[in-house]
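The values are calculated or read from the model by the stated rules, or taken from the named source; none is laboratory data. Just so it is clear, the model here is predicted, and its values are computed rather than measured. Cβ coordinates were reconstructed from backbone atoms using ideal geometry, including for glycine residues, and neighbour counts include every protein chain displayed.
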């Protein structure tokens, strides 16, 4: 069974400056809950209760968030405000958190490789907190874990994007196996509209088999000196099998201001707001 999930959270979040000058972008709140907590909750609901963070400088607030705050809890104990900590307390009590640091920002592939000592020789999930996902029934990671239990190979989550946005993503080409599931034959990182093999874009949910670490080690740096995870996964696809799964649900790109505002409005209307209050 897959029990571990890796969160690469070392990025600077420059699109949200100046807010992210002293605050991790993953701690930006969607209504009253930080982005990263949504991702951890999704992982835990999929059975991934060993959560690893690959952090960087200025990210201590993430570790503090998933820890007990004795003074705060003492101050609100026995008050009506205590209930607001129920969800984070559940995570603190039921999840094993571990942290390592990425000293240099050399791409997503490098960040995942940095987490190898905490993952070991087993398959694991990867969640990019920038992508806030809500599944129709099961969460996106839970959907992917079910597929992994059947096929036992690397799986990437995909969704259709407009052709004029393919340059923002890794894009796959694949052979359809069944509705919503493809065997990957090619992957291109941030192609132009003309070069894109499809409009099926990889989003921030992965299940990776442990051989990915050797593939990353043997992947030369690409654009801007960064090690792209898509290059390593493509090598897996050429040597074995990689699946691309068109997940059932809704995704918000919270790495952009527009997506962040859209996600906030969605969560306020559908999750946070009490429908009986009107």
Original post:
Got at least one residue in segment 245-258 being free of Cβ contacts under 8 Å to residues at least 60 places away in the same chain, outside any loop (DSSP other than H, G, I, E, B) and closer than 14 Å to residue 132 by Cβ?
Top reply: yes
**OP:** Show the residue pairs that are 6+ apart or on different chains and have beta-carbon atoms under 9 Å apart, the first residue being within segment 10-22 and on the phi > 0 side of the Ramachandran plot and at pLDDT below 90, the second being surrounded by 12 or more Cβ atoms within 10 Å (Cβ to Cβ) and not in a helix (DSSP H, G or I).
**Re:** 13/23; 13/24; 13/28; 13/130; 13/255
**OP:** From the list 221, 197, pick out the single residue that is touching a residue at least 40 places away in the same chain (Cβ under 8 Å) and over 30 Å from residue 38 (Cα atoms).
**Re:** 221
Original post:
Out of all the residues in segment 120-130, which are over 16 Å from residue 37 (Cα atoms) and either crowded, with 23+ Cβ neighbours inside 10 Å or within 12 Å of the chain's Cα centre (by Cα) (or both)?
Top reply: 124
Original post:
Only one of these conditions is not met by residue 235: (1) in contact with a helix residue (DSSP H, G or I) (Cβ under 6 Å, 6 or more places away or on another chain); (2) free of Cβ contacts under 8 Å to residues at least 60 places away in the same chain; (3) surrounded by 13 or more Cβ atoms within 10 Å (Cβ to Cβ); (4) not in a helix (DSSP H, G or I). Which number is it?
Top reply: (4)
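Table: residues versus (1) touching a strand residue (DSSP E or B) at 6+ places or on another chain (Cβ under 9 Å); (2) crowded, with 18+ Cβ neighbours inside 10 Å; (3) closer than 17 Å to residue 128 by Cβ.
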{"position": "166", "(1), (2), (3)": "yes, yes, no"}
{"position": "173", "(1), (2), (3)": "yes, no, no"}
{"position": "184", "(1), (2), (3)": "yes, yes, no"}
{"position": "193", "(1), (2), (3)": "no, no, no"}
{"position": "202", "(1), (2), (3)": "yes, yes, yes"}
{"position": "206", "(1), (2), (3)": "yes, yes, yes"}
{"position": "212", "(1), (2), (3)": "yes, yes, yes"}
{"position": "215", "(1), (2), (3)": "no, yes, no"}
{"position": "229", "(1), (2), (3)": "yes, yes, yes"}
**OP:** For residues that are out of contact with any helix residue (DSSP H, G or I) (no Cβ under 7 Å at 6 or more places or on another chain) and buried (at least 18 other Cβ atoms within 10 Å of the Cβ), scanning just segment 131-146, find the one that is farthest from residue 208 (Cα to Cα).
**Re:** 131
**OP:** Those residues that are touching a residue at least 60 places away in the same chain (Cβ under 8 Å) and assigned to a strand (DSSP E or B), I need them from segment 172-188; list them, please.
**Re:** 172, 174, 177, 181, 182, 183, 184
Subject >> Filter result (part of a strand (DSSP E or B) and under 19 Å from residue 127 (Cβ atoms)) within segment 143-171 >> reply: 154, 155, 156, 157, 158, 159, 170
Subject >> Yes/no for residue 42 being at pLDDT below 90, in a helix (DSSP H, G or I) and touching a helix residue (DSSP H, G or I) at 6+ places or on another chain (Cβ under 6 Å) >> reply: no
Original post:
Would you call residue 67 over 20 Å from the mean Cα position of the chain (by Cα), in a loop (DSSP other than H, G, I, E, B) and free of Cβ contacts under 8 Å to residues at least 60 places away in the same chain?
Top reply: yes
**OP:** Determine if segment 75-95 includes at least one residue that is within 22 Å of residue 13 (Cα to Cα) and surrounded by fewer than 20 Cβ atoms within 10 Å (Cβ to Cβ).
**Re:** no
